[in-house]
Amino acid sequence: MLKEKYTSLLSYYTDDLRLIEQYWGEITNHYSSKERKYHNLNHLEHMIIEIDDVKSKIENLNAFLFALFYHDLVYNPLKGNNESKSAEIAVKKLSNIRVDSNTISKCQNHILATKQHLLSEIVDTNLFIDIDMSILGQKWEVYVTYLKNVRSEYSIYPDFIYNKGRKKVLKHFLEGHVFLTSHFQKRYEQQARDNINRELQILES
């Protein structure tokens with residue numbers, strides 16, 4: 001499903017099948033590295049599924065989809081510049097196939113916005129952030145797998161360091177709405193808050 005979506009997306013801008021295959025290979029190589037337990041192709045597939053229910057609300061779907069494929073292209077738990085590095089690569093790749101500047105700019109902004117998850121004036125950006133974070137509102141059994149996979153990605157850190165940082169992130173989510181848009185608030189807000197509180201209990205036990 002992912003390859004078909006990506007190939008179809010690039011075909012708007014280039015008919016060079018070899019280049020499309022090269023681009024897709026770069027995507028799979030990044031997201032399939034053995035260190036990735038959550039930020040991998042399964043994460044992208046989950047996001048693709050979530051898009052279906054809000055597609056009519058998205059102004060620039062191509063920018064949205066490009067951001068989806070590139071937003072976690074660079075993912076190093078030891079670094080704080082993953083979003084900017086991912087956005088930088090996206091801009092370079094999309095410029096190379098002559099994607100229009102407006103779409104590139106929107107894609108870049110969506111990716112950079114995933115660093116802080118703040119409410120934006122741009123509806124597409126808020127939807128993108130919510131889709132990226134929609135795992136928080138899944139059933140507890142799914143959420144448990146997610147939290148274990150995230151912990152695995154940060155396995156270089158001992159529990160006393162990881163737990164402190166994780167609790168800070170989770171408590172931040174609870175300070176306001178977990179989700180930015182009414183669609184995702186109605187769909188996942190309560191479940192997300194329940195999941196986050198349960199994880200906090202585990203971390204504090």
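The values are calculated or read from the model by the stated rules, or taken from the named source; none is laboratory data. Here the structure is a predicted model, which means the values were calculated and not measured. So basically every Cβ, Gly included, is an ideal-geometry build from the backbone, and we count neighbours across all protein chains shown. For accessibility, only protein heavy atoms count, side chains too; no ligands or nucleic acids. Shrake-Rupley method; radii C 1.70, N 1.55, O 1.52, S 1.80 Å.
The stretch between Glu204 and Gln22, if pulled fully straight at 0.36 nm per residue, gains 60.9 nm over its current Cα-Cα span. Modelled label positions at Met1 and Val169, each set 7 Å beyond Cα in the direction of Cβ, lie 2.4 nm from each other. Taking the accessible area of the chain, probe 1.4 Å, and keeping the other protein chains in place, the carbon and sulfur fraction comes to 50%.
Rounded to whole numbers, the Karplus 3J(HN,Hα) couplings from phi for region 173-178 are 4, 7, 5, x, 6, 5 Hz, using 6.51 cos²θ - 1.76 cosθ + 1.60 with θ = phi - 60°, and x at Gly and Pro. Ligands, DNA and RNA are left out, and with a 1.4 angstrom probe the accessible area of the chain is 54 Å² per residue. Across region 92-198, Cα-Cα pairs more than 21 Å apart make up 46 percent of the total.
When you work out D = kT/(6 pi eta Rh) for region 98-161 at 37 °C and 0.692 mPa s, using the Kirkwood radius from C-alpha pairs as Rh and the Stokes-Einstein form, the result is 233 µm²/s. Highest GNM mean-square fluctuation among His117, His172, His183, for the chain modelled with Cα contacts below 10 Å: His172. Shown here for region 125-205: trypsin sites (Lys or Arg not before Pro) in loop regions (DSSP other than H, G, I, E, B) with at most 15 other Cβ atoms within 10 Å, namely Lys139. Shape analysis of region 1-74 places it in the oblate category; the axes a ≥ b ≥ c from the Cα gyration tensor give an a/c of at least 1.5, with a/b not above b/c. For region 149-189, the convex hull drawn through the C-alpha positions has a volume of 75 cubic angstrom per residue. Divide the volume of the convex hull around the Cα atoms of region 42-99 by the residue count and you get 93 Å³ per residue.
Evaluated at q = 0.08, 0.09, 0.17 Å⁻¹, the base-10 log of the normalised Debye intensity for the chain, with identical point scatterers placed on the Cα atoms, takes the values -0.27, -0.35, -1.24.
With 29 Å as the limit, the listed pairs Lys106/Lys139; Lys85/Lys186; Lys5/Lys168; Lys5/Lys85; Lys37/Lys57; Lys3/Lys139 have Lys106/Lys139; Lys85/Lys186; Lys5/Lys168; Lys37/Lys57 beyond it between alpha carbons.
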